[in-house]
1. What single numbered condition from (1) open to solvent by 30 Å² or more (accessible area, probe 1.4 Å); (2) of a type outside the set (Phe, Trp, Tyr); (3) at pLDDT 90 or above; (4) more than 18 Å from the chain's Cα centre (by Cα) fails to hold for Glu86?
2. Checking Val132 against (1) over 25 Å from Cys309 (Cα atoms); (2) part of a strand (DSSP E or B), which test does it fail?
3. Can you find a residue that is modelled with pLDDT under 85 and surrounded by fewer than 21 Cβ atoms within 10 Å (Cβ to Cβ) anywhere in segment 297-313?
4. Looking only at strands (runs of 3 or more DSSP E) that lie completely in segment 155-256, which have at least 2 residues being among the hydroxyl-bearing types (Ser, Thr, Tyr) and in contact (Cβ under 8 Å) with a residue 12 or more places away in the chain?
5. Within segment 134-154, which residues are touching a residue at least 12 places away in the same chain (Cβ under 8 Å) and aromatic (Phe, Trp, Tyr)?
6. Among the residues of segment 102-117, what is the count of those that are open to solvent by 10 Å² or more (accessible area, probe 1.4 Å) and either in a helix (DSSP H, G or I) or modelled with pLDDT of 90 or more (or both)?
7. Inside segment 40-77, can you point out the residues that are of a type in the set (Gly, Ala, Ser) and open to solvent by 20 Å² or more (accessible area, probe 1.4 Å)?
8. Looking only at segment 270-284, decide whether some residue is at pLDDT 75 or above and either farther than 30 Å from Leu49 by Cα or open to solvent by 70 Å² or more (accessible area, probe 1.4 Å) (or both).
Amino acid sequence: ISAAHINAWNSMDDVNLVAMCDIRPERMDQYSNVNKYTSFEDMMANEKLDILDICLPTFLHVEYSIKAMDMGINVLCEKPLAQSREDIEAIVKASEKSDRKFMTGQVCRKAPGFVKAKELVEAGAIGDLFFVESEYAHDYQFMTPEWRKDPVKLRYPVIGGGCHAVDLACWIAGKPTEVMAYSNKKMLEHWPTDDCTIAIMKFPNDVIGKVFVSTGCKRNYTMRTLLYGTKGNLWVPDPNCFGNQGGPKFTNDKGEETDLELCFDYSENSRCLGLNDLAAAIEQGRPPRTSYRQTYHVLEVMTGIMKSCETGIPYEMTSKFNREAPMDPTLPHGCL
């Protein structure tokens, strides 16, 4: 993902990519006009940075996010931000203490098809939303990073990749009040986690939903999303990882299908990754639109999914951010 981030930063007129760090120096050979380091500490000692973009394995996100903010640097951190609410709370404290901007890289919120679908739902184009369905299928069988399989360092599939589908469902339908989930492991038997999960959720306004996550099924990468309303349905086709995506398909209440064209078209650039929003937030002195509050809530939903899988009973949402941070209508797309 770092390659896409690098391309995105380089596409922005008001941002200069000045340094990068990787413990494998050969991974940086293709990039010129940038200072290269194999030590984070050396980079921090020699560079004056406004933003640190963290594309590390998940288990390192918290450590380096907090280090950067303690040094007075704004942070963009790839998803999933963390695997526990305690870790996210530590990031929240560091952000508030340092007064630095912090943003999580939830790319689906910038993918044109998903943005268009949300706009249509909010405009009432499909009537009252009553069911939302999203999925994340990505075959991990030949994944090479061993940390993904390490019982201590691994990413749980529901959190590591499923956060895309869960985040989309919450972004469009609101904050679930309850989840019920089941999981099994029949594909990646040598991995320490289940590889297939199905979650049913209760959303506000009597909306229900389903999220399917599989990291073992033999299928092309997908985040296909379906939205059902009283006046029609939307089907958002599979995007690539960075938002290059066709428009939603709309089916009206008579069963007539229409391909909806997008008013914008972009792929690997700053808009689809949200990088331009972080830069604008710093310049304008406002929070980024993908805040840690949203990340905290989505992680709670994913935690609830895993707990429901373990216990076989529904899990009710109790997030303190749920109570303390109502939706802010002044921000686009119902951002917190």
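The values are calculated or read from the model by the stated rules, or taken from the named source; none is laboratory data. Since the model is a prediction, treat every value here as computed from it, not as a measurement. Quick reminder, even Gly has a Cβ in these numbers, built from the backbone with ideal geometry, and neighbours come from all protein chains shown. SASA here: full protein model, heavy atoms, side chains in, ligands and nucleic acids out. Shrake-Rupley method; radii C 1.70, N 1.55, O 1.52, S 1.80 Å.
1. Evaluating Glu86 over (1) open to solvent by 30 Å² or more (accessible area, probe 1.4 Å); (2) of a type outside the set (Phe, Trp, Tyr); (3) at pLDDT 90 or above; (4) more than 18 Å from the chain's Cα centre (by Cα) leaves (3) as the failure.
2. (1)
3. Checked against the condition, which is being modelled with pLDDT under 85 and surrounded by fewer than 21 Cβ atoms within 10 Å (Cβ to Cβ), segment 297-313 yields no hits at all.
4. Strands (runs of 3 or more DSSP E) meeting the threshold: 178-184, 225-229.
5. Listed by number, the residues that qualify are Tyr136, Tyr140, Trp147.
6. Number of matching residues: 5.
7. Selection gives Ala45, Gly72.
8. Yes; the residues of segment 270-284 include at least one that is at pLDDT 75 or above and either farther than 30 Å from Leu49 by Cα or open to solvent by 70 Å² or more (accessible area, probe 1.4 Å) (or both).
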